[in-house]
Each structure stands twice: as structure tokens, then as C-alpha cells.
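The values are calculated or read from the model by the stated rules, or taken from the named source; none is laboratory data. Small disclaimer: the values here were computed from a predicted structure and weren't measured. Cβ sites come from the backbone with ideal geometry, for glycine too, and all protein chains shown count toward neighbours. Keep in mind that these areas ignore ligands, DNA and RNA; they rest on the heavy atoms of the full protein, side chains included. Shrake-Rupley method; radii C 1.70, N 1.55, O 1.52, S 1.80 Å.
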Amino acid sequence: LFIYFPLLGSIGSQSMSRLSCVTLSTQQLNIRNLISYEKQEAPVKAIMFIKKDGIKVCVSPDQKWVKTAMKKIDQKQTTK
């Protein structure tokens, strides 16, 4: 189960919308289905993975598989 909600803010006159994790999934994801991620510090410390189908899943950054998945995504992006 995961939930995110938009946080609205502005930089100068430019408005921005951002999704934020408030609860974390405990399910391990298939690394091959992940295309990118974002780190989040507040309201909870989390990693938001973006899957190939566009779904965003929030997980705890402390899990071993999460660190492995982040490394794999970073490696894919540096080889492009």
C-alpha cells in the first residue's frame, strides 16, 4: 500500500507540483520494471520508484534490495 499527494509550492513566479510519499510499500519490486527513482526526505524518508507503466511506488530506503535497484538504475542511465 502506498499513498502520495501533491505538494504545491513556487519558485519565483513559477509554480510547481510534486508528488510526495506519505506511506511506504513493504513489497519488493521487480528491478527490471523500474526506470527511475527520486529520493525524498520529508514528510517521510523514502525512495519513489517509477515503473515502466508509469506507476510510482514509495519504499523505505533502508532495504537492501532498494539500494541494489538504485545502483542498477544509475548504471543504466550512465550507459545511455
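Numbers at a glance
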{"quantity": "Farthest toward positive dipole pole in the range 31-79 [+1 Lys/Arg, -1 Asp/Glu at C-beta], among Asn33, Val66, Gly54", "calculated": "Asn33"}
{"quantity": "Net charge over other residues, Cβ less than 11 angstrom from the Cβ of Ile50 (K, R count +1; D, E count -1)", "calculated": "+1"}
{"quantity": "Accessible area (Å², per residue) of the range 31-79, counting only protein heavy atoms and a probe of 1.4 Å", "calculated": "62"}
{"quantity": "Extended-chain gain in nm, criterion 0.36 nm per residue less alpha-carbon gap, Lys45 and Gln77", "calculated": "9.2 nm"}
